[in-house]
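Data block below; observations after.
Any read-out appearing in this document is the output of simple, stated calculations on the displayed coordinates, not a laboratory observation. This is a predicted model, so every value here is computed, not measured. Virtual Cβ from ideal backbone geometry, glycine too; neighbours counted across all protein chains shown.
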């Protein structure tokens, strides 16, 4: 999910980021990968052998290998190794899900699967969960299996309209959203009052007590909003303007730091009174500081989502499709949502969740209203070249 | 410094104000300064321990709420924590033992012998300390992966151990060498004259003399190994160590149990050494 | 074995070196060489990378673009080394000479905090030093500090973080070299140079104190003259009170191998450190380690990350060599002389 990306980026270097590339190029400098152009249809990708799926009569496999982020599925309070959703799936289909919480960072995980994908081999995973921009990169590279919608009844039928038509995959042929979230303003209303405009992030009043996110797409979305642009249609010129706008706040000493999700602890302890924030975090932190608030600024907020993807060459593609369809049943989605508390992309889950917890159904941060959805938008999918330029400029901004 | 100054007391009965000042300094101020230094070192541990008996409402444990012992009664009540701690301790012990042995041998060679290639050896000792962790971790991973076969690299506790031994060696060499430099070789010669062979001389004379250096080096190696995140993360595969567990958990909020374990590791370690001091005293 | 070794004396150092050096050769040299190769790559993640010697230009380009972060790393590492020395020497001295039977226990107490996780310690410091925390809160309430004053997310926080986290690397080697000093030697020196050292101690104290504080002042952009004054005064007081001639002429020189080792063990890793700057700093306190981290992980710019690493390593080697020439040989001869 979202938070990790930037926290990790900063802190830990978690990563195996792209080590596969490192490796591949190390072993055979010069060969490189056959570079599919960004526009090339993913299905026409070079690593063809695995795409010849023998599908006359698909049958379920006995296992499904599922790589996900930690704490991202419903978990038994008494036995943390038990996940009801997975047990329900086994009870109904007889498939054992090998569930592994091994994804801690998009870049890192990409590194571990790149080498086999490039070599046209099975990664060992049937379903992986990665954030939308990484999903877009995998689509660009042609490294994903196409979802066969004829095997599915709930997906994409039950997908919330707000998530349809992603620019990198307009027909949901490759990605099925697992959870979503929004980036907005997190603030201590006792100090700042109610805030509804991104301009607050540039306000000298809270100089040194404001944090920005170190995730490029989040931070840039706010600056674009301030300038009257939208993140879904950003151009290179607009991006440059946004970086200059962010730099103003940095130079004026308004920005205390660019953070990953440490900002949440700083909000609780009072070091920070205003932060670029992720919706899910603030729900939790309100328990500890009641005056914390989350709002989507009028100028717009960033909508992000993590997707279930089937990597090219996956052994149990059909079973993976059945699982995705299973997760898109409203009652199963509600079961996951009641525990995870992000934003549920499944239609009907809001009704279904009432059976579990009435209050959750009315929580706007879990089931946003149309009005909220109208304020947020997903960041444009970038071409490889754009992505490199944007990341580079942003790195310079944050001092690295 | 202090001890030498103490001798000035003997200088005579008439002490000038400067001498009185020196005496006060010597008697108290050095100890007070040291006291503050120890306090400074212990302060975070105190806070970690304090928040191990905190009862936070939400998931973040940064503000004091209420006293509870429930997390102490159930220190491994979160999934994966026990395995992570056990793995870290295992790797820390093993890498400390191996790296201390290998490093001590190198230090002995460097200080005690003149030989060709000493300069190159010195270089090889310093460079790993100067290499940024991220690049070293990534290069090491590249190598491990090249040896293994995708999709499942043979990355496990063994690859972590190999990496930890590697980065610990340099620290051990530098620390043990500080002890060996200026080492009085007459003692060894005396032992040899008395008929001890090299082996016996080493174990009976040399080793006890450099032991404090070896202990210090082992302590450093242990603390480096048990706290390493970057290189471990690159070489771990599916293994999870204590630091990796904490970095992962920090995303949502570090569970109180992690504070309990942190406090426990500190208390057990100190208690163990305190016990050995007491036992040693009794034996003496 | 004994007879074999006596017969082949020349072999002994190589036998001692072999296991450790082979380990380093297999698991350090080889990966480091691959890293070196990758610094001559050009290309991108998606088009693949190509090796060419012409890419040597990555080096000057990287140095130029990130000169600021290099400079900052050097200053911060220097400041942290000075601070760890000022804290660790008296500490190690007290343990070595006043520790008595509790010596090992005290020593252990100094290292044990570092058996807990870095992240836990840093969060603990953030709780202690919070803007309205237990330290700053009362001072602000009393009006002694400006309400906007903060320690976190400043250069001071970054250097303090490095100082704290590298303290054992200074303390242990100094302790080790102090502990081995033959007490009879110190006693003999005390007979020889009986009495306090005046005005030598005062002068040395003032010069060293003024110099170190002045340097810290310059690094943190404090008032340098004020810092020099403060340091010189404190140094003079400490020098007068503490510095006996026997300490200056015998004990301190004998502990130099430990000081040498300690400064290297702090300075070298501190130069490449990035976590402290990432957690405790702000956008204008980033160090070269942060750049390497970001180039490598986020930008997938392996050539620049590798080139920066090699520039850093080369710089460190130069510093170490110069330092060893200045202090190393001299202190070795001083030791031999006694």
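Is the shape of the stretch C:155-250 rounded, prolate or oblate, going by the alpha carbon gyration tensor and its root eigenvalues a ≥ b ≥ c, with a/c under 1.5 for rounded and a/b larger than b/c for prolate?
oblate
What shape does the stretch B:20-129 have by the C-alpha gyration tensor, where a ≥ b ≥ c are the square roots of the eigenvalues, rounded means a/c under 1.5, and otherwise prolate means a/b greater than b/c and oblate the rest? Oblate shape, in that a/c is at least 1.5 and b/c is the bigger or equal ratio. Here's the picture: a label point sits 7 Å out from the Cα of residue C:226 along the beta-carbon direction, and within the stretch C:149-165 the residues with their amide nitrogen under 18 Å of it are C:149-151, C:155-157. Take the Cα of residue C:22, step 7 Å toward its Cβ, do the same at residue A:76, and the gap between the two points is 5.0 nm.
What value in Å³ per residue do you get for the convex hull of the alpha-carbon atoms in the protein assembly as shown?
Details: hull volume 189.3 nm³, N = 1022.
Hull volume over Cα atoms, normalised by residue count, gives 185 Å³.
Taking label positions 7 Å along the Cα-Cβ direction at both residue C:203 and residue A:251, the computed distance is 5.1 nm, reported to one decimal.
In plain terms, the chain from residue C:142 to residue C:57 could stretch by 24.9 nm, reckoned as 0.36 nm per residue minus the Cα-Cα distance. Among C:74, A:73, B:57, B:106, sorting on how many other beta-carbon atoms sit within 10 Å of each Cβ, with the fewest leading, yields B:57, C:74, A:73, B:106. Taking the fewest neighbouring Cβ atoms within 10 Å as the starting point, the ordered list for A:216, A:182 is A:182, A:216.
The value obtained for the stretch C:104-152, namely the Cα convex hull volume divided by the number of residues, is 86 Å³ per residue. In terms of other Cβ atoms within 10 Å, B:251, C:183, B:204 run from fewest to most in the order C:183, B:204, B:251.
Between the stretch C:305-319 and the stretch B:44-106, the alpha-carbon centres lie 35 Å apart. If R0 equals 22 Å, the separation of the Cβ atoms of residue C:318 and residue C:33 corresponds to a calculated FRET efficiency of about 0.60. DSSP finds beta bridges in the protein assembly as shown, and of those with both partners inside it, around 65 percent are antiparallel.
Tell me whether chain B comes out rounded, prolate or oblate; compute the Cα gyration tensor, take square roots of the eigenvalues as a ≥ b ≥ c, and use a/c under 1.5 as the rounded threshold. Before the final figure, lay out the partial values.
Details: a/c = 2.19, a/b = 1.19, b/c = 1.85.
It comes out oblate by the Cα gyration axes.
What is the distance in Å between the Cα centres of the stretch C:18-84 and the stretch C:233-285? Answer, in whole Å: 27. Here the sum of -39500 (n - 2.57) over DSSP H runs of 4 or more residues, divided by the residues of the protein assembly as shown, equals -18000 deg cm²/dmol at 222 nm, to the nearest 500. For the stretch B:79-254, averaging the sequence separation of C-alpha pairs within contact (under 8 Å, six or more residues apart) and dividing by the residue count gives a relative contact order of 42 percent.
Ignore the peptide's own chain and count Cβ atoms of other chains within 10 Å of each Cβ in B:218-231; give me the average, rounded.
Numbers: counts 1, 9, 8, 0, 4, 9, 4, 1, 4, 9, 1, 8, 8, 0.
Per residue, the number of nearby Cβ atoms from other chains is 5 on average.
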